[in-house]
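The values are calculated or read from the model by the stated rules, or taken from the named source; none is laboratory data. Because the structure is predicted, anything quoted here is derived from the model rather than measured. Cβ: placed from backbone, ideal geometry, glycine included. Neighbour counts: every protein chain shown. The accessibility values were calculated without ligands, DNA or RNA, using every heavy atom of the protein model including side chains. Shrake-Rupley method; radii C 1.70, N 1.55, O 1.52, S 1.80 Å.
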Amino acid sequence: MRLYLWEHCWICFRVRMAAALKRLHLQETVLLEDDSQTMIKLVGKRVVPILVKDDGRPMLESMDMVAHIDAIGEPILVGGQRAELAEWASATADKSAPLTWPRYPLLGLPEFSTISAIDHYIVRKRQKLGDFVELRAKTREQIDALMPELETLDRLIESPTAVNGTLSLDDIRVLPLLRAAAVVKGLRFPQKVRDYFETMMAQIDYQPLPAV
């Protein structure tokens, strides 16, 4: 299987995480941020992640990809799910975007390896959130807005090795968002959140992205 992705994309990381938990090898292709042509050629629209299965057929929707990967051999994402964690993921994605989006182009990631790719990303995202320099200047304010969500998660975590005690789709929802938030220098995770993040990242053998 081949996964087309961006390194910074937390939704893409859901699929990478599932494969790592299963100890399955994914061939990965990191696309330039402005390489719309490849995406459209594969699936008819600009979107990542794209998983091309062994039979050559492409898949969309990250959680469908996760289910496909987990169905290979013995499933491991067998634990129960909690509505509170789905709600947490939605709220955290919204609150973390003003912190993470302006930082991704500063991390030296392969999807931003050309000037045109960086410019394409900045113009596209600026239409939704505004000027990146101004957003980075509001880092403390944005961290303060995000902290209640992290404190909520701290109360919800049942184990450092699985948010609900047994690996489940909730882990696929939670860890990628923490990986994204960890790019914010000066953001400190509460104790149980930090233990969970570090344990899970070690379990799947991934290093955090740089923090800026």
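Data table
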item: Residue within segment 168-179 that is assigned to a helix (DSSP H, G or I), at pLDDT 95 or above and surrounded by fewer than 19 Cβ atoms within 10 Å (Cβ to Cβ) present; result: no
item: Scope segment 65-88; condition part of a helix (DSSP H, G or I) and within 18 Å of Arg23 (Cα to Cα); matching residues; result: Met65, Val66, Ala67, His68, Ile69, Asp70
item: Test: residue in segment 111-129 that is open to solvent by less than 20 Å² (accessible area, probe 1.4 Å), closer than 29 Å to Leu21 by Cα, part of a loop (DSSP other than H, G, I, E, B) and modelled with pLDDT of 95 or more; result: no
item: Residues satisfying the stated conditions in segment 89-110, i.e. open to solvent by less than 60 Å² (accessible area, probe 1.4 Å), assigned to a helix (DSSP H, G or I) and farther than 15 Å from Trp6 by Cα; result: Ala89, Ala91, Thr92, Ala93, Ser96, Ala97, Pro98, Leu99
item: From the options Arg155, Arg179, Arg136, residue that is charged (D, E, K, R) and under 30 Å from Glu74 (Cα atoms); result: Arg179
item: Neighbours by Cβ (under 6 Å, 6+ apart or cross-chain): first from segment 82-106, at negative phi; second aliphatic (A, V, I, L, M) and not in a helix (DSSP H, G or I); result: Leu99/Val184; Thr100/Val183; Arg103/Val183; Arg103/Val212; Leu106/Val212
item: Boolean, Val183 is surrounded by 20 or more Cβ atoms within 10 Å (Cβ to Cβ), within 14 Å of the chain's Cα centre (by Cα) and in a loop (DSSP other than H, G, I, E, B); result: yes
item: Single residue of segment 39-56 satisfying the filter (under 21 Å from Pro105 (Cα atoms) and touching a Leu at 6+ places or on another chain (Cβ under 9 Å)) that is surrounded by the most Cβ atoms within 10 Å (Cβ to Cβ); result: Val48
item: Single residue of Met200, Met147 found to be of a type in the set (A, V, I, L, M, F, W, C), over 18 Å from the mean Cα position of the chain (by Cα), over 16 Å from Arg103 (Cα atoms) and modelled with pLDDT of 95 or more; result: Met147
item: Test set (1) within 19 Å of Leu77 (Cα to Cα); (2) touching a residue at least 40 places away in the same chain (Cβ under 8 Å) - Met201 fails condition number; result: (2)
